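Bear in mind these aren't lab numbers, they're just calculated from the coordinates by the rules spelled out. Model, not experiment: these values are computed from the prediction. Reconstructed Cβ throughout: ideal geometry from the backbone, glycine too, with neighbour counts over all protein chains shown.
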Amino acid sequence: MSRTRIGCTLAAVILVVALGQRSGPAAPAGPPALAAGIAARYPNDSGIGKDPRVIFADNFDAWETGTAKVPPGSWDGVRQGDKPGQRQTLVVAGKVSAGDRELPGKNVLQLACHHRSPNSAGLRKHLGNYRSAQEGKGSGYEEIHIRYYQKFDDGYGPERNHGANLGGRDLTRPGSWWVGMANTPDVTARGYFYSGLQPYPDTRTGQLHWGFYSYHMDKKSPWGDDYRPTASEKKRIQVGRWYCLERRMKLNSVSPLRADGVEELWVDGELALRRDGLRFRRVPELRITVFELEVYYHGLPAKYTAERPQKVYFDNVVIATERIGCLRMPPSP
Ligand SMILES: [Ca+2]
């Protein structure tokens, strides 16, 4: 079954492509990382994976640099790894910076796509049984927090980039679809939901901002709902700068069925977007069971060559049952 997906109209694609390379002032120095939530107890996330509230943590520093060799027991899938001619998902040498400080670290995750390459790259983590009911990963979560750092490469262009999906499948329902299946009028009829955190390019200026792209029960079209952020909610993205992103997803009640689901986004520790009154499911078996840290393009124009691909970097992933917060800065050396 093909994995065609995502509601991006041809007109939008043409507009985005027409924008081409944009220019602008250099990215200002960001605010210092905030110490809040679970991360406040663990300078530079050191030891955070052992906190009982933490489900999963990876700073990619235990990976072999320059490879996509997943350490045992960590991620559950790699898309377009270091196969000959691809190398789209790779852990490379690098560090996160916050403000004017470079933080301790060895590696970051790099996702790179180019013209006529496979459209996607990334990692998949199962937060519950996702492939089958016999996977041994439990039933998943009703509510989850996920924090990671993300940087768009200096040469990143305003191409719409889907990805970073939280979602779930109802494995008790025969024929439930994979998370990420698009062009679906009624996701509950297909036994899944998902919601991605992604950059949106302004079709007039090319300026990027963060937003959600959600396949929930009450979306109005076969495609995803972007929750229509107001002008003040559109958090501008500067390329070449690391951002601390944290999102919270809370699923709606099902007994009785209520529109009380929530999605929130914090950017650098500040609440940027919040939507409540959401419905993701009708049945309790549908829970949050997967996170895909990924990029997905609808093809990229020829200017993104294999030598100069469209690159995005990630680091310091933490998934937890409570608010995580940004990295606590270690003491200055
Ligand atoms: Ca790292």
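Quick check: net charge around TRP63, other residues with Cβ under 13 Å of its Cβ, Lys/Arg +1 and Asp/Glu -1?
-3
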What are the ³J(HN,Hα) couplings of segment 273-285, residue after residue, when phi is run through the Karplus curve with 6.51, -1.76, 1.60 and θ = phi - 60°? Round to Hz, x for glycine and proline.
9, 9, 10, 10, x, 9, 10, 9, 7, 10, 10, x, 5
Hey, what's the Kirkwood Rh for segment 137-256 if you take every pair of different alpha carbons, in angstrom?
15.9
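Within the P(r) computed for the chain, what percentage of the Cα pairs occupies the region above 28 Å?
Percent of Cα pairs beyond 28 Å in the chain: 38.
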Give the long-range amide H neighbours of GLY163: residues separated by 5 or more places, or on another chain, with amide H under 5 Å away, using H modelled in the peptide plane at 1.01 Å from N.
LEU197
PRE reach from SER139 (point 7 Å along Cα→Cβ): which of segment 271-288 fall under 15 Å by backbone N?
282-288
Using DSSP to define loop residues, name the trypsin sites (Lys or Arg not before Pro) in segment 100-147 whose beta-carbon has at most 12 other beta-carbon atoms within 10 Å.
ARG116
Please compare each pair in LYS50/LYS234; LYS83/LYS137; LYS125/LYS311; LYS50/LYS220; LYS83/LYS106; LYS125/LYS220 to a cut-off of 32 Å on the Cα-Cα distance and tell me which ones are over it.
LYS50/LYS234; LYS50/LYS220
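Counting other Cβ atoms within 10 Å, which GluC sites (Glu not before Pro) in segment 135-186 have at most 11 and lie in a DSSP loop?
Counting only loop positions with at most 11 other Cβ atoms within 10 Å, none of the GluC sites (Glu not before Pro) in segment 135-186 qualifies.
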Show me, for segment 225-230, the HN-Hα J-couplings you get by feeding each phi into the Karplus relation (A = 6.51, B = -1.76, C = 1.60, θ = phi - 60°), rounded to Hz, glycine and proline as x.
9, 9, 6, 6, x, 6
With a 10 Å cut-off between alpha carbons and a GNM built on the chain, which of THR89, THR172, THR184 moves the most?
THR172
Cβ crowding within 10 Å averaged over residues, with 233-240, 194-201 ranked highest first
194-201, 233-240
Karplus-derived 3J(HN,Hα) from phi for segment 91-103 (6.51 cos²θ - 1.76 cosθ + 1.60, θ = phi - 60°), whole Hz, x at Gly and Pro, runs 8, 10, 5, x, 9, 7, 10, 10, x, 9, 9, 8, 8
What residues qualify as long-range amide H neighbours of HIS209, i.e. H under 5 Å apart, gap of 5 or more or another chain, H built at 1.01 Å from N?
TYR200, ASP202, ILE237
Quick one: which residues, 5+ away or cross-chain, put their amide H under 5 Å from the amide H of ALA272? H built at 1.01 Å from N.
LEU265, TRP266, VAL267
